[in-house]
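Each remark here refers to the structure printed beneath this line.
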Amino acid sequence: MNKFDGPGNSCYKLVKDQIRRMANDAWTALNRRQSSPRQHWMVPFERNEGFVGREDVLRLLLDRIPPSANKDACQRTVIQGLGGIGKTQIALEVAFRLRDADPSCSVFWVPAVDATTFENAYRDIGQRLRVAGLDDDKADVKALVQAAMSRDDTDRWLLIIDNADDLELMFGSGALAQYLPCSTNGSILFTTRTREVTERLDIYAAGIIEPTKMKREEGREMLQARLREDQVLDRASTDSLLDFLDDLPLAIRQASAYMSKTGISTARYLEHCLSSDATLVKLLSQEFEDRGRYDRIKNPVATTWLISFEHISRDSPRAGEYLEFMCFLAERDIPISLLPPASDEMETEEAVGTLEAYGFITRREEGESLDMHRLVRLAMWNWLRQEGQARQRYCDVVQRLDEVFPFPEHENREIWMRYMAHAQRVVESDEKCEDEEAMSRLLFSVAEALSIQGRYEGAAKLYRETLEAREKVLGKEHPDTLDSMNNLALVLDKMGEYGEAEKMHREALEAREKVLGKEHPDTLDSMNNLALVLRKSRGVEAEGGGFYEEQYG
């Protein structure tokens, strides 16, 4: 401590001036600290060390989402795409990159999984921002936080609303969208599975970022990241597996986790995938650890779309019906005319549009047919099976095909060829249809179509199934049953199975004579068919001639 003899002392004046400067510096530093932005980082996940690729998408986002990118508006941007395409992981990576580029910008992350998680996240934001009134029992937490973040003097922020998928939650009774803040110092990034949410959020085309499936080199890098070198030595099998998984990030991550756990190769995993739908469902239902996903949301591909299925069934029953219907068909080139008829074209267009909005289907260029994502089809079928609805929905499909699939002839070839791949998939399914008459008619038509195409082995298999079904439902001597027997014999003849063909032609002829009479055209057809097969099988003209003489006297 210094003592001076009075204020006139030169040393006193020197010390006084020094103390004044120190005090001024302290006030300046305090004011600077209070006026400088206070950065908040509220992100629930660690950075994903295994994140690969997506650089084009990240560049687009980093050009838009910083609050400084548009000083005249609170900019809205959305990452929109199919569940499992990697939207949350892209949002997470871009949040870390924004923090690296602009440490003074706060980042707040809000899951829109349900109303509770949304409000809890808003409460956390309010506590970090020290919003007054949060602890009041009657406080509207969301409104208080919205007001605080909307102030003109607020520090810069990015708000990430993840999983904004539920229309009812965002715009219906939940109405969470009304609590979105608006400030020129802020920017909002959404992730959603459906275009309908994007439209309701009024986001312009420039703000809609739609990640597609991964580039092949990105998918390969992601798959190999957790595997040993010897598991991916077979490059062709690795690429075939990625083709099968449609380069979908979630499916690749799940496959990688399973192979890492079991030690199997990509070739072996692909064999499992191709063996049967049931085996594939089992593979795609495997849980795996992923620190970049919410605890309450299931990881497996087979279940990741269930919440979307439920939303569609609730919000657009016709779209839900179409989705359930299509999961029993072939995945490619599904004619819209094959779908169950709606009340009018507008209802059909709206239903198809809903499924397009979720990324579950894509419309072909000509606009008259659809493609369904392979794994979505499988997940939908598995969901129906778990809900105990698969058999009824399958029967609906059989009845619809029985209605629109004509008996194949060369004259109507264009029509039945349009539906052929789907009808064949349906009749070859392991599902059972209680409408056995409709099923037998469809089997008969598809078998005939295969025969016209020269695919005799497939035709013979289906004709046998048709014959068995008709004997059970209609009886052995019913004309339709005998038609099936006759056509099966014709196909066996074309396959060179003359012995069995002869036997069946004789049975058909005998039954037709008994039921229809000797002069009936069908009886005469059987007589002619038997004569022809005898001629081929025995190579003796006299056999056939003798047969005719015997019949005609």
Between residues in the range 116-142 that are outside the structural domain of residue 180 (by TED's automatic domain parsing) and residues that are modelled with pLDDT under 90 and not in a loop (DSSP other than H, G, I, E, B), which pairs lie under 7 Å by C-beta distance while being six or more apart or on different chains? none
Mind checking which residues of the range 425-458 are touching a residue at least 60 places away in the same chain (Cβ under 8 Å) and either among the β-branched types (Val, Ile, Thr) or closer than 16 Å to residue 335 by Cβ (or both)? 425, 426
Among the numbered criteria (1) of a type in the set (Lys, Arg); (2) part of a helix (DSSP H, G or I); (3) closer than 15 Å to residue 56 by Cβ, which single criterion is violated by residue 253? (3)
What number of residues in the range 168-183 are buried (at least 16 other Cβ atoms within 10 Å of the Cβ) and either closer than 18 Å to residue 145 by Cβ or not assigned by TED's automatic domain parsing to the domain that holds residue 203 (or both)? 9
Output the qualifying pairs, or none if there are none: Cβ atoms under 7 angstrom, residues six or more apart or on different chains, first residue in the range 380-391 and closer than 15 Å to residue 284 by Cα, second residue among the small types (Gly, Ala, Ser) and modelled with pLDDT of 90 or more. 381/390
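Give me the residue from the range 393-450 that is assigned to a loop (DSSP other than H, G, I, E, B) and over 32 Å from the mean Cα position of the chain (by Cα) and, out of that set, farthest from residue 341 (Cα to Cα).
409
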So, of the residues in the range 303-325 that are polar (S, T, N, Q) and in a helix (DSSP H, G or I), which turns out to be surrounded by the most Cβ atoms within 10 Å (Cβ to Cβ)? 304
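Kindly state which helices (runs of 4 or more DSSP H) lie completely within the range 460-553 and contain at least 1 residues that are out of contact with any Phe, Trp or Tyr (no Cβ under 6 Å at 6 or more places or on another chain) and modelled with pLDDT of 85 or more.
Values: elements: 479-494, 498-515, 521-538, 541-552.
Result: 479-494, 498-515, 521-538.
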Checked against (1) free of Cβ contacts under 8 Å to residues at least 24 places away in the same chain; (2) surrounded by fewer than 21 Cβ atoms within 10 Å (Cβ to Cβ), residue 113 satisfies every condition except (1)
Being on the phi < 0 side of the Ramachandran plot and either at pLDDT below 90 or under 14 Å from the mean Cα position of the chain (by Cα) (or both) narrows it down to one of 359, 320, so name that one. 320
Residue selected from the range 272-305 under the condition modelled with pLDDT under 85 and touching a Phe, Trp or Tyr at 6+ places or on another chain (Cβ under 6 Å), by the criterion farthest from residue 385 (Cα to Cα): 292
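Residue 356 - would you say it is surrounded by fewer than 16 Cβ atoms within 10 Å (Cβ to Cβ) and among the charged types (D, E, K, R)?
no
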Could you tell me whether residue 102 is more than 27 Å from the chain's Cα centre (by Cα), closer than 30 Å to residue 311 by Cα, assigned by TED's automatic domain parsing to the domain that holds residue 179 and surrounded by 15 or more Cβ atoms within 10 Å (Cβ to Cβ)? no
Taking the criterion of being among the aliphatic types (A, V, I, L, M) and more than 23 Å from residue 58 (Cβ to Cβ), would at least one residue in the range 189-198 satisfy it? no
When the residues of the range 204-242 are narrowed to those that are within 20 Å of the chain's Cα centre (by Cα), surrounded by fewer than 21 Cβ atoms within 10 Å (Cβ to Cβ) and free of Cβ contacts under 8 Å to residues at least 60 places away in the same chain, which ends up farthest from residue 76 (Cα to Cα)? 240
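The values are calculated or read from the model by the stated rules, or taken from the named source; none is laboratory data. Just so it is clear, the model here is predicted, and its values are computed rather than measured. For neighbour counting, all protein chains shown are included, and Cβ atoms are generated from backbone atoms with ideal geometry for every residue, glycine included.
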